[in-house]
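Worksheet: the structure to be examined is printed underneath.
Please treat every number below as a calculation from the coordinates, not as lab data. Just so it is clear, the structure is predicted and the values come from calculations on it, not from any experiment. Every residue, glycine as well, gets a Cβ built from its backbone with ideal geometry; the counts of neighbours run over all protein chains shown.
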């Protein structure tokens, strides 16, 4: 089944521009192996989708949580649009089966990599808006917010807060996040962060930003502690 038919069946919207949809699912490694192709990778669409998600999620939270202060709304938004959450949604919609990867990326497990799944979801949102306009996309994004909220208490998606609460059960401790490594080009950096408690290493995580890497480090620390699957 063609990707345009799969998306129409899964999402309930049929793209008018099939090339735009294919671009949203085309990883750089795939494009690099097909020199001369008329389709670009998803990176520019990812940039657009990231901005759209932040706007729609911010507006939704502003309306749905009128009593919450700015700081709390910022933390909730960060949890909803973090790499882990968007990768979860990409898998939920079977985007991992639809993406186009180069042979090397495929062999190295790229189809399961959270960072790529997150990028694909953002790129799809960007393509969706370009093809349909913003109005049909807003309810779709809001449905994803509800899905994440129902899938797990929204507080639990903020792994740093949950880790802090677990570690400080019996009193205050010193929790620190250290940047271990920063790699990649300026527009596509990867950060590696270590979280420690009173000097003891608890876990390391990677992300497209320091904040995402810190959340991933906290999540892996919680997993190591047996506090989550």
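Based on Cα atoms of the range 1-115, Rg over Rh with Rh as the Kirkwood radius reads 1.04. Three principal axis extents describe the C-alpha atoms of the range 159-224; from largest down they are 43, 19, 17 Å. Think of it as helices only: each DSSP H run of n ≥ 4 in the chain is worth -39500 (n - 2.57), and spread over all residues that comes to -18000 deg cm²/dmol at 222 nm. Scaled against 2.2 N^0.38 Å for its residue count N, the alpha carbon radius of gyration of the range 12-60 is 1.37.
Beyond 18 Å, what share of the Cα-Cα pairs of the range 76-198 is found? Please give it as a whole percent. In whole percent, the long-distance tail amounts to 65.
As a footprinting exposure proxy, order 27, 38, 178 by other Cβ within 10 Å, with the fewest listed first.
Details: 27 24, 38 8, 178 13.
The fewest-first ordering by Cβ neighbours comes to 38, 178, 27.
May I ask what percent, to the nearest 5, of DSSP beta bridges between residues of the chain are antiparallel? In the chain, approximately 95 percent of DSSP beta bridges are antiparallel ones. The Cα atoms of the range 86-147 cover 38, 24, 15 Å along the three principal axes, with the biggest extent listed first.
Which ordering of 172, 103, 72 is given by a fewest-first count of other beta-carbon atoms within 10 Å?
Working: 172 7, 103 10, 72 14.
Ranking 172, 103, 72 by Cβ neighbours within 10 Å, fewest first, gives 172, 103, 72.
Rg over Rh for the chain works out to 0.99, both radii taken from alpha-carbon positions and Rh defined as the Kirkwood radius.
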